[in-house]
1. Under a 5 Å amide H to amide H cut-off, with H placed in plane at 1.01 Å, what residues pair with residue 301 once short-range neighbours are removed?
2. State the extension gain, in nm to one decimal, for the chain segment bounded by residue 25 and residue 302, taking 0.36 nm per residue of separation less the distance between their alpha-carbons.
3. In debye, nearest 20: dipole of the chain around its Cα centre with unit charges on the Cβ of K, R (+) and D, E (-)?
4. Work out, step by step, the length gained on full extension between residue 283 and residue 215: first 0.36 nm times the residue separation, then minus their alpha carbon distance; give nm to one decimal.
5. Taking one equal scatterer on every alpha-carbon of the range 129-279, how large is log10 of I(q)/I(0) by Debye at q = 0.12, 0.14, 0.17, 0.18 1/Å?
6. Taking the Cα-to-Cβ direction at residue 230 and at residue 185 and moving 7 Å from each Cα, how far apart do the two end points lie in nm?
7. Could you give the size of the charge dipole of the range 206-338 about its Cα centre, using +1 on the Cβ of each K and R and -1 on the Cβ of each D and E, expressed in debye and rounded to the nearest 20?
8. What is the gain in length, in nm to one decimal, between residue 238 and residue 207 on full extension, counting 0.36 nm per residue of separation less the C-alpha to C-alpha distance?
Amino acid sequence: MGTKNRQVLLAERPKGMPDDSTFKFVETEVPEPKDGEVLVRALYLSVDPYMRGRMSAAKSYVEPFEVGKALIGGVVGKVVKSNDPNFIEGDYVTGMLKWADYTAAKGKHLQKIDPDVAPITTALYVTGMPGLTAYFGLLDIGKPQAGETVVVSGAAGAVGMVVGQIAKLKGCRVVGIAGSDEKIAYLKNELGFDEVINYKTTKNIREDLKAACPKGIDVYFDNVGGEITDAVLSLLNFHARVALCGQIAHYNDTEIEKGPRVLPYLLTRSVLLKGFIVSNYDDQAEEGVKQLAEWLREGKIKYKETIYEGLENAPNAFLGLFRGDNLGKMLVKIADDK
């Protein structure tokens, strides 16, 4: 075990798109776990779009990050010292931990991972927060039925990929929206999406959506917002359902953008639109993890990871989410599993 502990702090609250000045690296001593705590060495770090909201002081569903304190996110790591009888050295665990090489965390805030069941990184992806977000948002709010058309924005991201595959398992026609030819090829050829639209090269996304969805749109899983969502909402069928998951197109806006008034579409077509966060389903999480793990074992859900190497590259990985660099889940490998 090393004697130094690198940490990534929030240096200042960004205005607009974060940049290098948003982050600060420091070295501290490796913490000593107290009674009921374990010392976790980080192996993989998750970067997620929702973290941009926590960099702001604005009121939201989760407390903002503190300036001058370490950023916090999903981590998979290994126990190197335990003062909790429920954990021993060598256990693999996951939890919301600091962007750091080592974190001393209360055992009750960690979950064990069995590396023999699935690769440990899937605890940050298919059976973790992104997978559960896709599972509950689509099945509880979207309620897809066989033969219906499901549209997913941000389809090549961690959540969108799982949404599309679950919709296919339910017998739906699945149309994705993504931002590169590589992503489109993967979604169609590997994951079985029926159609995928490149929003960066389309000349008219509404017309392309109309062609891809000849029977209209029954379910929309919205990860993006902006002009993409404006186009989708205009094509919704009667009694369509919209799961409002993310609005990454707006996370770095400094002013509120004016757009089409969408409420008439929702009213005249009796559309259900519901925003949600995955913690709404905490009491059902075990059910979701069990089903997602089963689909994963059976090969019914595939996954793709984009992995940056080194804690020093965590800020760039985070910024890459807004550039659309990731295919699937964006992760940072912090250390080798030795």
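1. 296
2. 96.2 nm
3. 720
4. That pair, residue 283 and residue 215, stretches by 20.9 nm at full extension.
5. So the normalised log intensities work out to -0.43, -0.60, -0.91, -1.04.
6. 3.2
7. With only Lys, Arg, Asp and Glu charged at Cβ, the dipole is about 540 debye.
8. 9.2 nm
Any read-out appearing in this document is the output of simple, stated calculations on the displayed coordinates, not a laboratory observation. A quick note: this is a predicted structure, and the numbers were derived from the prediction, not measured. Heads up, the Cβs are rebuilt from the backbone with ideal geometry, glycines too, and the neighbour counts pull from every protein chain shown.
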